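Working notes, beginning with the structure itself.
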Amino acid sequence: FTDAGATTPCGDGDLVYTWLDRSGNNRNWAQATSGNRPTLRLISGKWIILRDGISSVMSQATDSSFNSVNSWTAAIAARVTTGGSSLDTLFEWGDGTSPGTMAILRRNGASWNFQGGRNNTAVNGGTYTVGSNTVLIGRCSAANGLRGWVNGSLVGTAAYTPPGSSQIQARTICSGESRTAAGYIGDCVLTTSDISDSDTVLLNTYLAGTLP
């Protein structure tokens, strides 16, 4: 939508102010600053969020109800069309400082990086290729650790310690921490549980279908 109240739907080429949460939980993405809004585009029959590689970013407000979350699944479908620096963040949940970010999905050099928890535990794997459609799925819990999937394949596992209740629970999409890359996003999914392997397959199939 082009407005904060989500009353005016975007058309092809419009700047996106509000991206509604389809779960019904009202955790919408938003960008109040006009110059930082991404663009909605229709490409080959698919609606995508275009990232300009400079300032496009959307976020959710801090939500204290997430403070006790110790397991999660974060997933995104994206295509990076122009590489930026070696750390191009597509999704970030938390502020990245002590005691640690809940979840980060990003490029790390020639591979993909899944990061989170106390001391920002990391898993690196898969192949980063500019111009290729990519589905990233990160899952974690204290019992199963931090795990990352790239295009449906498990690429790594690491022990995970939840950051704890002091972590700031804001979520940001298309974030670059001043490290950006141009491209677009088909959809993203965030849950407060470590989903099953069978649901991971279904989620990967769904997200892959959101990209042209």
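From Thr62, Thr73, Thr82, which residue is out of contact with any His (no Cβ under 7 Å at 6 or more places or on another chain) and modelled with pLDDT of 85 or more? Working first, answer last.
On the way: Thr62 fails: modelled with pLDDT of 85 or more; Thr82 fails: modelled with pLDDT of 85 or more.
That would be Thr73, the only listed residue that is out of contact with any His (no Cβ under 7 Å at 6 or more places or on another chain) and modelled with pLDDT of 85 or more.
Is there any pair linking a residue in segment 201-212 that is of a type in the set (Ser, Thr, Tyr) to one that is surrounded by 13 or more Cβ atoms within 10 Å (Cβ to Cβ), with Cβ under 7 Å and at least six apart or on different chains, and which?
Final answer for the pair search is Thr210/Lys46; Thr210/Ala77; Thr210/Gly186; Thr210/Asp187.
Here are the criteria: (1) farther than 17 Å from Asn124 by Cβ; (2) at pLDDT below 75; (3) crowded, with 19+ Cβ neighbours inside 10 Å. Tell me which single one Thr101 does not satisfy.
For Thr101, the exception is condition (1).
Mind counting the residues in segment 109-161 that are of a type in the set (A, V, I, L, M, F, W, C), under 26 Å from Ser44 (Cα atoms) and open to solvent by 40 Å² or more (accessible area, probe 1.4 Å)?
Summing the residues that are of a type in the set (A, V, I, L, M, F, W, C), under 26 Å from Ser44 (Cα atoms) and open to solvent by 40 Å² or more (accessible area, probe 1.4 Å) in segment 109-161 gives 1.
Counting only residues that are within 25 Å of Trp93 (Cβ to Cβ), small (Gly, Ala, Ser) and part of a loop (DSSP other than H, G, I, E, B), how many does segment 6-47 have?
Total satisfying the criteria: 4.
Only residues in segment 1-25 that are more than 16 Å from Trp47 (Cα to Cα) count as the first member; pair them with residues that are among the polar types (S, T, N, Q) and open to solvent by less than 40 Å² (accessible area, probe 1.4 Å), Cβ under 6 angstrom, at least 6 apart or cross-chain, and list the lot.
Ala6/Thr18
Scan segment 48-59 residue by residue and report those that are assigned to a loop (DSSP other than H, G, I, E, B) and surrounded by 17 or more Cβ atoms within 10 Å (Cβ to Cβ).
Start the filter on segment 48-59 by keeping residues that are assigned to a loop (DSSP other than H, G, I, E, B), which leaves 53-57.
Across segment 48-59, the qualifying residues are Gly53, Ser56, Val57.
One line per residue, one yes/no per condition, for (1) assigned to a loop (DSSP other than H, G, I, E, B); (2) modelled with pLDDT of 95 or more; (3) under 15 Å from Ser71 (Cα atoms); (4) not charged (D, E, K, R):
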residue	(1), (2), (3), (4)
Asn113	no, no, no, yes
Ser165	yes, no, yes, yes
Gln169	yes, no, yes, yes
Gly176	yes, no, no, yes
Arg179	yes, no, no, no
Tyr184	no, no, no, yes
Asp187	no, no, no, no
Val201	no, yes, no, yes
Leu207	no, yes, no, yes
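The values are calculated or read from the model by the stated rules, or taken from the named source; none is laboratory data. Given the structure is predicted, the values throughout are model-derived calculations rather than measurements. Quick reminder, even Gly has a Cβ in these numbers, built from the backbone with ideal geometry, and neighbours come from all protein chains shown. Note: areas computed on protein heavy atoms with side chains; ligands, DNA, RNA excluded. Shrake-Rupley method; radii C 1.70, N 1.55, O 1.52, S 1.80 Å.
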